[in-house]
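Peer 1: This is the structure I have questions about; it appears just below.
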Amino acid sequence: MLGALFLLAFVGGLAGLWRLKARYLSAEGITERTPRLLIGVWVMAIVAWLTVFTGTWIVYPWYRARPPEGTVDLVGYPRYFLLDNPELSALHTFAMEWKEHLAWMAPMLATSVAIVTLYYGAQLVRGQELRWPLIATFTLAFAAAGIAGLLGALITSAAPV
């Protein structure tokens, strides 16, 4: 559910930033679009934080749960199952490490876009030099979340939580 909301907020925020051009908007149009833009970028930032917190403190503890001493069947302990299988160990040593760290970049980048958008608001129409870096940063936030999600799907397909 958070993923769908994240995707919708990204599309809304990106469209809002993309179309925030003086030649497309009257003063009335700027007044009407600015709140929608703020909602889109702030919803994406908030949802990104919720997603990362959920993954880090609700899902990830199950992933790294330590099996009782002497356990032979590690299927219920994903981290240890992956590390015990040489052909799957890279899913933990590479993919999980990247997933954990990359996932945190998404809310940080999205929040920075939301703060700059809140601060400058309608001035972004006149200050086009700010709009492109915001679009790039917003897209990087989405890409970071997408890559982290893909790595998470690969890990979960090999060792379900």
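Peer 1: Normalise the Debye intensity by I(0) for the chain, one equal point scatterer per Cα, no solvent, then take log10 at q = 0.16 Å⁻¹ and round to two decimals.
Peer 2: -0.84
Peer 1: At a 1.4 Å probe radius, which order do THR56, THR156 fall into by accessible area, largest first? Display every interim value, and only then the final one.
Peer 2: Numbers: THR56 40, THR156 70 Å².
Greatest to least solvent exposure: THR156, THR56.
Peer 1: Would you mind computing, in nm to one decimal, how far apart the modelled labels at VAL161 and ILE115 are, each placed 7 Å from Cα along Cα→Cβ?
Peer 2: That separation, rounded to one decimal, is 2.7 nm.
Peer 1: Once label points are set 7 Å from the Cα along Cα→Cβ at both THR56 and MET1, what is their separation, rounded to one decimal in nm?
Peer 2: That separation, rounded to one decimal, is 2.2 nm.
Peer 1: What size of dipole, in debye to the nearest 20, comes out for the stretch 43-115 about its Cα centre when the only charges are +1 on Lys and Arg C-beta atoms and -1 on Asp and Glu C-beta atoms?
Peer 2: Result for the stretch 43-115 is approximately 240 debye, rounded to the nearest 20.
Peer 1: Going toward the positive end of the dipole of the stretch 1-81, with +1 on Lys and Arg Cβ and -1 on Asp and Glu Cβ, which of PRO35, TRP49, PRO61 do you reach last?
Peer 2: Going by the Cα projections, it comes out as PRO35.
Peer 1: Just going by the charge dipole of the stretch 71-152, with Lys and Arg at +1 and Asp and Glu at -1 on Cβ, which of HIS92, ALA143, VAL125 is farthest out on the positive end?
Peer 2: So the residue we want is VAL125.
Peer 1: OK, next. Take every Cα pair under 8 Å in the chain that's 6+ residues apart, average their separations, divide by the length, and report that relative contact order as a whole percent.
Peer 2: Details: 176 pairs, mean separation 50.1, N = 161.
Taking the mean separation of contacting Cα pairs over the length of the chain, I get 31 percent.
Peer 1: Per residue, how much accessible area does the stretch 1-56 have with a 1.4 Å probe, in Å²? Before the final figure, lay out the partial values.
Peer 2: On the way: 3210 Å² over 56 residues.
For the stretch 1-56, the solvent-accessible area averages 57 Å² per residue.
Peer 1: Hey, another quick one. Full extension from LEU83 to GLN128: what is 0.36 nm times the residue separation minus their Cα-Cα distance, to one decimal in nm? Before the final figure, lay out each step's value.
Peer 2: Details: separation 45, 0.36 × 45 = 16.20 nm, distance 4.94 nm.
Gain in length upon complete extension: 11.3 nm.
Peer 1: Which percent of the accessible area of the chain is formed by carbon and sulfur heavy atoms (probe 1.4 angstrom)? It would help to have the intermediate numbers written out before the result.
Peer 2: Working: 6580 of 9340 Å².
Heavy-atom surface of the chain belonging to carbon and sulfur, 1.4 Å probe: 70 percent.
Peer 1: Starting from a Cα-only point model with no solvent, please compute log10 I(q)/I(0) by Debye for the stretch 1-65 at q = 0.11, 0.25, 0.28 1/Å.
Peer 2: -0.37, -0.96, -1.07
Peer 1: Quick one, can you get me the convex hull of the C-alpha atoms of the stretch 65-150 expressed as volume per residue in Å³? Walk me through the intermediate numbers first.
Peer 2: Working: hull volume 8.6 nm³, N = 86.
Normalising the Cα hull of the stretch 65-150 by residue number yields 100 Å³.
The values are calculated or read from the model by the stated rules, or taken from the named source; none is laboratory data. Just so it is clear, the model here is predicted, and its values are computed rather than measured. A quick note on method: Cβ atoms are made from the backbone with ideal geometry, for glycine too, and the neighbour counts reach across all protein chains shown. Quick note on the areas: whole protein, heavy atoms, side chains included, nothing else; ligands and nucleic acids left out. Shrake-Rupley method; radii C 1.70, N 1.55, O 1.52, S 1.80 Å.
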